[in-house]
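Here's the structure, in structure tokens; my notes come after.
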Amino acid sequence: MMIDTHTHIYENTFDADRGEMIGRAKAAGVDRLIIPACTLADSARVRDTQAEYPDTCYAMYGLHPTEMGDSPMAEAEAIMDFAESQKLPRVGVGEIGIDLHWDKSRKDSQTEVFAWQMRYAYDKGLPVSIHCRDAVWLLMEELDKMRGHVPAGSLHCFTGSVDEAKVICRKWPQLMFGFGGSCTYKNSKVSEVAAAVPFDRILTETDAPYLTPVPHRGERNEPAYIPLVVERLALALGKSSEEVAAQTTENAKRLFWGEQG
Ligand code: NI
């Protein structure tokens with residue numbers, strides 16, 4: 001069994017073949033998919049997708065830093081109200097984070113909304129899925145400010161350096177690292193980072209439909225490609241694919257479902 005801990009299969013690009021695509025994931029051994037909403041509009045689609053595939057799809061709701069509208073705090077609160085009013089439970093809060101890649105002008109509102117969602121998750125006892133692009137230094141500053149109130153969670157598609165990963169490992173033992181298709185790209189440093197992180201803190205994910213692994217680059221990504229990520233991690237860690245699949249699955253179960261062993 002393998003788990004895709006971060007995938008957007010509720011998006012329109014999967015409308016024509018979502019059922020078949022989930023079938024391909026299961027045939028590849030990927031039995032659980034965590035589907036994080038990025039906006040209030042996404043949230044309804046996440047809810048509907050979970051309702052249609054309740055044994056496979058597990059919802060998360062959050063406001064993504066590049067999807068903020070004019071009143072981000074109100075949007076984040078509306079998303080959490082929506083999440084709380086659903087019959088089916090969520091497994092965490094996400095996708096939340098900080099992204100300074102395209103637009104640095106909203107840094108302050110991004111960190112404000114991020115801090116609010118982190119505190120919300122902490123108070124609810126829920127893990128988070130954190131997106132961070134070109135801002136690991138700022139993320140660490142924000143986590144420092146939260147002191148004892150950093151929830152457990154995943155640094156989804158982690159792209160920081162080996163040194164940054166080591167600092168995070170030491171300071172926040174409740175955080176894990178998500179690796180996806182980008183670790184299969186040439187010149188990717190992700191596998192060095194994975195090798196520097198404890199084995200019991202590594203997660204697999206696709207971020208589908210984005211970040212498609214080699215040899216499918218240029219095509220739509222989907223959860224059935226998780227074994228390609230597992231194989232690449234196995235190579236980086238000097239372990240077998242079976243060991244990596246077993247350990248990353250155990251890690252994800254512990255983090256998102258509170259299951260031990
Ligand atoms: Ni994502």
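The values are calculated or read from the model by the stated rules, or taken from the named source; none is laboratory data. The structure presented is a predicted model; accordingly, all values stated were derived computationally and were not measured. No Cβ is skipped: glycine too gets one built from the backbone with ideal geometry, and neighbour counts run over all protein chains shown. Accessible surface is based on the protein model in full, side chains and every heavy atom, while ligands, DNA and RNA are left aside. Shrake-Rupley method; radii C 1.70, N 1.55, O 1.52, S 1.80 Å.
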Using packing as a proxy for protection, rank 17-24, 173-180 so that the peptide with the highest average count of other Cβ atoms within 10 Å comes first.
-> 173-180, 17-24
Expected unfolding gain across PHE199-TRP257 under the 0.36 nm per residue rule, minus the alpha-carbon gap, is 19.0 nm
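Keeping every protein chain present and rolling a 1.4 Å probe, give me the accessible area per residue for the chain in Å².
That works out to 43 Å² for each residue.
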Using just the helices of the chain, give the 222 nm mean residue ellipticity in deg cm²/dmol: DSSP H runs with n ≥ 4 each add -39,500 (n - 2.57), and the total is spread over all residues, rounded to 500.
-> -13500 deg cm²/dmol
Which value, in debye to the nearest 20, gives the size of the charge dipole of the chain about its Cα centre, when Lys and Arg are +1 and Asp and Glu are -1 at the Cβ?
-> 660
Quick calc, the stretch 71-124, dipole around Cα centre from Cβ unit charges on Lys, Arg (+) and Asp, Glu (-), nearest 20 debye, gives 140
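Stretched out fully, how many nm does the piece from GLU112 to TYR185 gain, at 0.36 nm a residue minus the Cα gap?
22.9 nm
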So how far, in whole Å, is the C-alpha centre of the stretch 81-117 from the one of the stretch 22-60?
-> 19
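Please state the shape class of the stretch 205-259: rounded when a/c is under 1.5, otherwise prolate if a/b exceeds b/c and oblate if not, all from the C-alpha gyration tensor.
It comes out oblate by the Cα gyration axes.
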Only residues of the stretch 129-160 count here: report those whose backbone N is under 16 Å from the spot 7 Å along Cα→Cβ of LYS104, or say none.
-> 133-139
Ranked order, HIS6, HIS131 - accessible area, probe 1.4 Å, largest first = HIS131, HIS6
For the pairs LYS26/LYS189; LYS87/LYS171; LYS26/LYS253, note any where the Cα-Cα span goes beyond 27 Å.
-> LYS26/LYS189; LYS87/LYS171
Highest mean first, what order results for 102-108, 26-32 on Cβ atoms within 10 Å?
-> 26-32, 102-108
Between the residues LEU175, THR206, PRO89, the Cα farthest towards the positive end of the dipole of the chain, that dipole coming from +1 and -1 charges on the beta-carbon of Lys, Arg, Asp and Glu, is from LEU175
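Could you calculate the contour length gain from ALA16 to VAL162, that is, 0.36 nm times the residue separation minus the distance between their Cα atoms, to one decimal place in nm?
Length gained between ALA16 and VAL162: 48.6 nm.
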